[in-house]
1. Residues of segment 350-365 being modelled with pLDDT of 95 or more and among the basic types (Lys, Arg), which ones?
2. Taking the condition surrounded by fewer than 21 Cβ atoms within 10 Å (Cβ to Cβ), modelled with pLDDT of 95 or more and outside the structural domain of Leu102 (by TED's automatic domain parsing), does Ala261 pass?
3. Exactly one of (1) touching a helix residue (DSSP H, G or I) at 6+ places or on another chain (Cβ under 8 Å); (2) outside the structural domain of Val25 (by TED's automatic domain parsing) is unmet by Val279. Its number?
4. Just checking, how many residues over segment 360-376 are surrounded by 15 or more Cβ atoms within 10 Å (Cβ to Cβ) and within 24 Å of Asp21 (Cβ to Cβ)?
5. Residues that are β-branched (Val, Ile, Thr), at least 2 per element: which strands (runs of 3 or more DSSP E) completely within segment 312-398 meet that?
6. Only one of Gly356, Gly367, Gly325, Gly363 is closer than 19 Å to Ser57 by Cβ and in contact (Cβ under 8 Å) with a residue 60 or more places away in the chain; which?
7. As an exercise: evaluate Ile53 against (1) surrounded by 21 or more Cβ atoms within 10 Å (Cβ to Cβ); (2) of a type in the set (A, V, I, L, M, F, W, C); (3) out of contact with any Gly (no Cβ under 7 Å at 6 or more places or on another chain); (4) not in a strand (DSSP E or B) and give the number of the one condition it does not meet.
8. Conditions first: (1) of a type in the set (Asp, Glu); (2) within 22 Å of the chain's Cα centre (by Cα); (3) under 18 Å from Tyr400 (Cβ atoms). Glu382 passes all but one, so which condition is the exception?
Amino acid sequence: MNAFFRRGACPRLSAPMPTGDGLLVRIMPAEPVPLDAFAGFCEAARRHGNGTIEISSRGSLQVRGLTPRSVPLFASAVAELEIVTHEGVPVVAGPLVHDADLLIDTGDAAAELRRALAHAQLALSPKVSVVVDGGGRRLHLDALSADIRLRAVGPAQQPRFWVGLGGDGASATWLGSIVPNDAVDAAVDLLTVVAGHGSTARAADVLRTEGVGAFHSALASRLASSSAPSSRTPAEMVGLHPVHDGTFAVGIGLAFGHAHADALEDMVHVAAAHGARTVRPAPDRALLVIGITAPHAVDLAEAAEQLGFVAHADDPRRRIAACPGAPACASGLIPARALAAALMPSLESFVPPARGISVHISGCRKGCAHPMPATLTLVGTERGCAVVRNGTAQARPDAYVDPANLGTEISRIAAQAGEAVHG
């Protein structure tokens with residue numbers, strides 16, 4: 001086991017992160033997880049941690065409440081379950097393999113790229129990541145930021161990968177397109193350019209200081225000039241998603257990104273009873289239950305909702321971002337997730353029936369759960385709970401409120417907003 005986590009890195013099995021409720025580890029499944037293995041994972045999280053399991057915005061599993069003694073025991077349990085995971089540079093591919101909506105099935109390309117990066121042993125920032133997007137319109141990865149972005153574009157008979165640097169699908173700097181067979185070598189070469197600028201460098205840093213020249217040179221004759229890929233309707237992981245074999249994947253959300261191992265294990269048993277084969281964590285803090293036939297898909301979604309999970313895209317909890325907060329996070333000054341649940345009746349007026357985060361509750365000014373602006377942001381500070389309208393957790397607050405009075409303050413803000421709209 002490596003030395004414990006240092007700030008600025010990412011929590012992994014080999015590098016746990018100390019938090020307010022013990023050590024946190026992050027697992028990145030490389031393949032769908034069989035139901036019995038996922039049930040065993042839940043049991044291991046309960047036995048060796050405090051039972052809290054999170055799904056990150058990138059679709060990684062996180063387990064909280066571990067100790068220096070229990071981390072290796074938990075790692076051994078995961079190994080015994082034969083859950084295929086990967087460490088190293090995060091290479092995020094689409095959550096569904098063999099999806100008929102995809103131009104390119106990215107599972108094999110992502111796996112080959114992980115192997116190539118492990119062999120290359122580049123000295124990269126632990127925050128560096130790669131997105132490999134198969135070009136589908138339903139479960140695409142445009143919302144994820146990445147240092148290197150590969151997005152499949154048509155025509156379907158001869159698809160290519162568009163290559164982007166930094167940002168998300170909308171803000172990336174697009175270089176041009178390459179043939180799929182060049183994708184792995186191209187990504188390694190681009191990350192070699194980033195590594196050449198130091199172990200803390202990111203692709204965006206190199207772009208700011210040197211422009212695209214070095215990256216163009218790395219791709220040489222493999223790169224073809226093309227128009228930038230078109231925008232897509234935002235992806236929604238929660239809901240029913242048809243798969244090429246006639247079955248469905250049922251996407252369920254974890255309320256505010258977390259659930260207890262007991263609830264997830266109950267979910268696994270219900271999924272098995274409905275004929276599911278595997279599960280896979282997905283971006284935007286969701287879990288895909290895979291292999292459900294059409295007659296059972298709606299029933300499974302209803303059962304998940306009864307267990308407290310988010311089964312419908314219009315559930316207002318999907319529009320609220322909340323970090324663990326105190327006491328789970330050592331930096332947290334308010335219990336962010338507990339407040340989110342308690343304040344739901346007051347917060348719903350800030351959550352329109354649309355995609356995207358409208359409310360952000362942050363335990364501290366770092367704003368880890370949602371670095372972007374929100375209609376309403378509540379932040380734990382030494383002066384009380386900071387209230388920010390249309391800003392980020394780091395923006396100048398409009399007011400400070402005692403956390404005990406947040407419900408009243410939120411109702412007051414909502415009433416003011418309503419008066420402004422209606423004259």
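1. Within segment 350-365, just Arg365 meets the criteria.
2. no
3. So the condition that Val279 fails would be (2).
4. So the count comes out to 11.
5. Ranges flagged: 359-362, 374-381, 384-391.
6. The unique qualifying residue is Gly356.
7. (4)
8. (2)
The values are calculated or read from the model by the stated rules, or taken from the named source; none is laboratory data. Note that the structure is predicted; figures quoted are calculated from it, not measured. Here Cβ is always computed from backbone atoms with ideal geometry, including for glycine, and neighbour counts include all displayed protein chains.
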